[in-house]
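Q: Have a look at the structure that comes next, please.
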Ligand SMILES: NC(=O)c1ccc[n+]([C@@H]2O[C@H](COP(=O)([O-])OP(=O)(O)OC[C@H]3O[C@@H](n4cnc5c(N)ncnc54)[C@H](O)[C@@H]3O)[C@@H](O)[C@H]2O)c1
């Protein structure tokens with residue numbers, strides 16, 4: 001502000017513009033909430049695994065704001081779960097959020113959680129299959145939670161919500177991970193478990209299954225997001241030697257908040273088709289990705305092992321290593 005206390009014209013203009021932008025933003029959000037009243041979340045009962053923290057908790061908050069009827073959080077963290085029940089009771093009324101302690105890697109606990117959720121909410125419309133961990137040193141546990149747990153939850157969703165089982169159908173949202181696997185060199189097992197979830201979703205979303213079950217399946221691949229999982233990840237690698245490279249990779253990425261991912265999921269739910277795969281990264285709006293058709297990505301070789309095709313994907317100048325083209329090593333006789 002100038003010394004005489006009056007504002008110069010450009011500052012005034014900037015302030016008016018900011019005010020208008022923030023008003024417009026608020027109006028837009030209110031409008032979105034209004035249009036959501038009869039939409040996909042309003043009045044729905046939602047089941048979220050790993051909902052006591054990070055992304056799961058952000059999804060829970062967004063669903064409440066957009067008029068969800070009841071939300072059931074499944075998590076191993078009883079303290080955080082209890083805290084969420086108390087705080088949402090104050091903001092949204094009693095019984096809006098139910099917490100059930102269950103470990104997704106234990107099938108019997110998940111069956112019991114589904115039973116309890118069905119009876120306390122009177123049915124489930126949307127399942128967010130979200131609980132996951134990074135723990136490369138205890139990779140059997142990582143597989144048990146990220147793959148075993150997610151597969152159990154997905155299968156039970158079909159059993160409990162499927163029209164073929166007298167359910168009313170609904171939506172299953174599977175949380176995979178960022179598609180850019182060049183940043184996951186230090187997380188081979190985690191990466192394997194997350195890529196498996198894309199395969200799981202694709203099979204369950206096949207039209208023959210969706211027609212029978214009435215359960216639409218979508219896959220969400222968040223980019224790097226600020227949660228406990230990310231913060232602890234440098235200490236969860238297979239070896240301490242990997243830490244420096246891992247942190248260097250992380251530093252190249254833009255980290256986003258869980259709020260942005262939850263907001264993006266709301267937009268996805270408004271438009272998505274079963275089987276679609278979505279990415280939310282760098283704090284930007286979601287975008288859908290096509291899964292590659294491997295035949296269109298086929299690399300062609302001449303006799304002397306030089307690449308002859310104009311590749312649509314991958315590095316054209318990448319040398320072909322002996323291990324790939326030596327038929328003694330790999331039995332790749334088609335190379336010759
Ligand atoms: N944070 C990221 O950058 C990121 C990126 C891509 C995908 N993801 C995926 O998103 C999901 C959520 O991750 P987050 O970042 O919010 O992690 P987080 O650690 O912040 O939250 C995970 C929640 O899951 C719960 N949980 C862990 N193991 C469980 C089990 N066996 N049974 C039930 N609950 C369990 C935890 O107690 C916690 O409340 C995970 O599947 C993760 O792989 C995260």
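The values are calculated or read from the model by the stated rules, or taken from the named source; none is laboratory data. Remember, predicted model here, so these are calculated numbers, not experimental data. Neighbour counts are summed over all protein chains in view; Cβ atoms, including those assigned to glycine, are modelled from backbone coordinates with ideal geometry.
Q: Out of all the residues in region 84-125, which are touching a residue at least 24 places away in the same chain (Cβ under 8 Å) and within 13 Å of the ligand (Cβ to nearest atom)?
A: Result: 84, 99, 100, 101, 102, 103, 104, 105, 107, 110, 113.
Q: Considering 257, 271, which residue is under 23 Å from residue 62 (Cα atoms), in the same structural domain as residue 231 (by TED's automatic domain parsing) and at pLDDT below 95?
A: Unique residue meeting the criteria: 271.
Q: Find the residue count for region 107-143, including only residues that are assigned to a helix (DSSP H, G or I) and over 20 Å from residue 220 (Cα atoms).
A: Qualifying residue count, region 107-143: 18.
Q: Moving to a separate point now. Can you say whether residue 117 is at pLDDT 95 or above, crowded, with 19+ Cβ neighbours inside 10 Å, assigned by TED's automatic domain parsing to the domain that holds residue 273 and more than 18 Å from the chain's Cα centre (by Cα), as far as the supplied structure shows?
A: Criteria met by residue 117.
Q: Kindly indicate whether residue 202 is touching a helix residue (DSSP H, G or I) at 6+ places or on another chain (Cβ under 8 Å) and part of a helix (DSSP H, G or I).
A: no
Q: Hey, among the residues in region 234-244 that are touching a residue at least 12 places away in the same chain (Cβ under 8 Å) and not in a helix (DSSP H, G or I), which one's farthest from the ligand (Cβ to nearest atom)?
A: 238
Q: Consider residue 104 carefully, then state whether it is modelled with pLDDT of 95 or more, in a strand (DSSP E or B) and touching a helix residue (DSSP H, G or I) at 6+ places or on another chain (Cβ under 8 Å).
A: Answer is no for this residue.
Q: Sticking with this structure for a sec: I'd like to check something: does region 166-181 contain any residue that is over 23 Å from residue 117 (Cβ atoms), modelled with pLDDT under 95 and outside any loop (DSSP other than H, G, I, E, B)?
A: yes
Q: Next question. Among what's in region 211-233 and is within 22 Å of residue 147 (Cβ to Cβ) and assigned to a helix (DSSP H, G or I), pick the residue that is farthest from the ligand (Cβ to nearest atom).
A: So the residue we want is 213.
Q: If you take the residues in region 144-158 that are out of contact with any strand residue (DSSP E or B) (no Cβ under 8 Å at 6 or more places or on another chain) and touching a residue at least 40 places away in the same chain (Cβ under 8 Å), which one is farthest from residue 209 (Cα to Cα)?
A: 145
Q: Something else: Those residues that are farther than 23 Å from residue 64 by Cα and assigned to a helix (DSSP H, G or I), I need them from region 245-298; list them, please.
A: Residues satisfying the conditions are 245, 246, 247, 248, 249, 250, 251, 294, 295, 296, 297.
Q: Among the residues of region 43-75, what is the count of those that are assigned to a loop (DSSP other than H, G, I, E, B), in contact (Cβ under 8 Å) with a residue 40 or more places away in the chain and surrounded by fewer than 24 Cβ atoms within 10 Å (Cβ to Cβ)?
A: Total satisfying the criteria: 4.
Q: Would you pick out the residues in region 203-223 that are under 20 Å from the mean Cα position of the chain (by Cα) and either buried (at least 21 other Cβ atoms within 10 Å of the Cβ) or closer than 18 Å to residue 128 by Cβ (or both)?
A: 204, 205, 215, 216, 217, 218, 219, 220, 221, 222, 223
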